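**Q** Starting off with a structure, shown below.
The values are calculated or read from the model by the stated rules, or taken from the named source; none is laboratory data. Model, not experiment: these values are computed from the prediction. Cβ sites come from the backbone with ideal geometry, for glycine too, and all protein chains shown count toward neighbours. The area values use the complete protein model at the heavy-atom level, side chains included, leaving out ligands, DNA and RNA. Shrake-Rupley method; radii C 1.70, N 1.55, O 1.52, S 1.80 Å.
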Amino acid sequence: MFVDKVKVFVKGGDGGNGMVAFRREKYEPRGGPAGGDGGRGGDVVFQVDEGLRTLMDFRYRKQFKADRGEHGCSKSQHGRGADSLVVKVPPGTVVVDADTGEVIADLTRQEQTAVIARGGRGGRGNIRFSSPKNPAPHVAENGEPGVERWVELELKLLADAGLVGYPSVGKSTLLSAVSAARPKVGAYHFTTIHPNLGVVETEDGRSFVMADLPGLIEGAHTGVGLGHQFLRHVERTRVLVHVVDMAGSEGRDPYEDWLQINEELRLYRKELADRPQIVAANKMDLPEAKENLERFKAAIDGKVSVFPVSSATREGLRELLYAVADRLDALPDEPLEEGGEEERKIYRSHAAEEPFRVRRENELFVVEGERVEKLVKMTNFQYDESIRRFAHTLKRMGVDDALRKKGAKEGDTIRIGEMEFDFQD
């Protein structure tokens, strides 16, 4: 089974907790704080593996969570950071944030990596809070939570040449005739429901990867038929081999077929209209093919190269493969990528996000915001000094004033994240 689109959950490891500890040694009567920091959580990293061709592995495993860092220890010992969780993906995988639609990574090269979910930093131990004013602090942080998100993985097949055309024009038969690939062949539409790859070698020793792609029909750019499932793979092919049923065995005009398929490519993505293209005039062994070929060449007027072939008798295949190899030799070696030949970092301006929001739910006041919710998770409420530091931080952020404006009074219940506490004015 060929799987080319999945949705999975990834989570970076939480940071280890910092520790509150003190030195108590025989000859160190005033040893002071000795609580170490927690270790950093592991990242979730996607890495390209050329041995993979589909996203099948993600069909059975939907969650990827990295390990958390170790907690800090006494005697100023820091916890060890966790190793990254490396997830293998096939070349051509695009990783998109499921909530925002932002492209996180476009992975095309062998062993190329991208951090998809970063681990949280370790919490600070009480040695970090020591000062002349407070030489023995009872304060330590919990580890920072790791980033968690749902991501969509979309595979855009990487191939040198892609066979395109209407269903049942002979694309699968052509691939099986020129390579060792054995795609399913049948006399009905949409025999091919997923791409098939084959390595083609010419008589002069050149080789390239050819993909037999599912058939197109009118309206494919809007998702009709196999629509987008087909077109996403066309984006990655360097040369398009347009297979046309020159015998018109299904009652269609070959030239109209060629126009319609190219229009679907253009409507899906304008760049595809300029992709190098070669026409394979297939089924030349059938009646009316030669007559249709003459009309086709006259109508096409030399816009693209046309090679009469027959997958059944192998007529003209040698010349077709040489033409594809020559066209590939004239193109850049690097596979086509969405960002062009050079990878560019695009910086976009974003409106400053509110540090927090206060809303009321009946008698309950809810404070929301990434910063305040992270503050709750990283505060160790076992120690009074940590609680006082937490309250002081909220006051400095303006949370107290915002609650008063919303009508909060002494004793009202306040909720931040999963923590609820009483408001003290």
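**Q** Exactly one condition in (1) under 22 Å from GLY12 (Cα atoms); (2) modelled with pLDDT under 90 is false for ALA180; which is it?
**A** So ALA180 meets the others, but not (1).
**Q** Something else now. In segment 86-120, which residue that is in contact with a Gly (Cβ under 7 Å, 6 or more places away or on another chain) and either among the polar types (S, T, N, Q) or at pLDDT 95 or above (or both) is farthest from ARG238 (Cα to Cα)?
**A** Out of the qualifying residues, it is GLY120.
**Q** Right, something else. Given the structure, is SER131 in contact (Cβ under 8 Å) with a residue 12 or more places away in the chain, open to solvent by 10 Å² or more (accessible area, probe 1.4 Å) and under 30 Å from ARG24 (Cβ atoms)?
**A** no
**Q** Follow-up. Consider LEU155 against the criteria (1) open to solvent by less than 10 Å² (accessible area, probe 1.4 Å); (2) at pLDDT 85 or above; (3) in contact with a helix residue (DSSP H, G or I) (Cβ under 9 Å, 6 or more places away or on another chain): it satisfies all of them except one. Which criterion is unmet?
**A** Unmet for LEU155, out of (1) open to solvent by less than 10 Å² (accessible area, probe 1.4 Å); (2) at pLDDT 85 or above; (3) in contact with a helix residue (DSSP H, G or I) (Cβ under 9 Å, 6 or more places away or on another chain): (2).
**Q** Inspect all residues belonging to segment 102-119 and state whether any of them is under 13 Å from the mean Cα position of the chain (by Cα), under 21 Å from MET378 (Cβ atoms) and not hydroxyl-bearing (Ser, Thr, Tyr).
**A** Yes - at least one qualifying residue is present in segment 102-119.
**Q** Next question. Are there any strands (runs of 3 or more DSSP E) wholly within segment 35-114 with 2 or more residues that are open to solvent by less than 50 Å² (accessible area, probe 1.4 Å), and if so which?
**A** By residue number, 44-48, 85-89, 93-97, 103-107.
**Q** Report, ordered by the first and then the second residue, all pairs with beta carbons closer than 7 Å, sequence separation of six or more or different chains, a first member in segment 397-425 that is over 15 Å from GLU354 (Cβ atoms), and a second member that is assigned to a strand (DSSP E or B) and of a type in the set (Ser, Thr, Tyr).
**A** GLU420/THR413; ASP422/THR413
**Q** So which of ARG40, ARG61, ARG23, ARG30 is without any contact (Cβ under 8 Å) to a residue 40 or more places away in the chain and of a type outside the set (Phe, Trp, Tyr)?
**A** Of ARG40, ARG61, ARG23, ARG30, the one residue that is without any contact (Cβ under 8 Å) to a residue 40 or more places away in the chain and of a type outside the set (Phe, Trp, Tyr) is ARG30.
**Q** Could you go through segment 249-258 and let me know if any residue there is open to solvent by 10 Å² or more (accessible area, probe 1.4 Å), out of contact with any Leu (no Cβ under 8 Å at 6 or more places or on another chain) and among the basic types (Lys, Arg).
**A** Yes, because at least one residue in segment 249-258 is open to solvent by 10 Å² or more (accessible area, probe 1.4 Å), out of contact with any Leu (no Cβ under 8 Å at 6 or more places or on another chain) and among the basic types (Lys, Arg).
**Q** So how many residues does segment 7-34 have that are over 18 Å from ARG68 (Cα atoms) and either in a loop (DSSP other than H, G, I, E, B) or open to solvent by 10 Å² or more (accessible area, probe 1.4 Å) (or both)?
**A** Result for segment 7-34: 16.
**Q** If you don't mind, another one. Under the condition of being surrounded by 17 or more Cβ atoms within 10 Å (Cβ to Cβ) and out of contact with any strand residue (DSSP E or B) (no Cβ under 7 Å at 6 or more places or on another chain), which residue from segment 261-295 is nearest to ASP160 (Cα to Cα)?
**A** LEU272
**Q** Those residues that are of a type in the set (Gly, Ala, Ser) and either closer than 13 Å to ASP14 by Cα or at pLDDT below 90 (or both), I need them from segment 36-55; list them, please.
**A** GLY38, GLY39, GLY41, GLY42, GLY51
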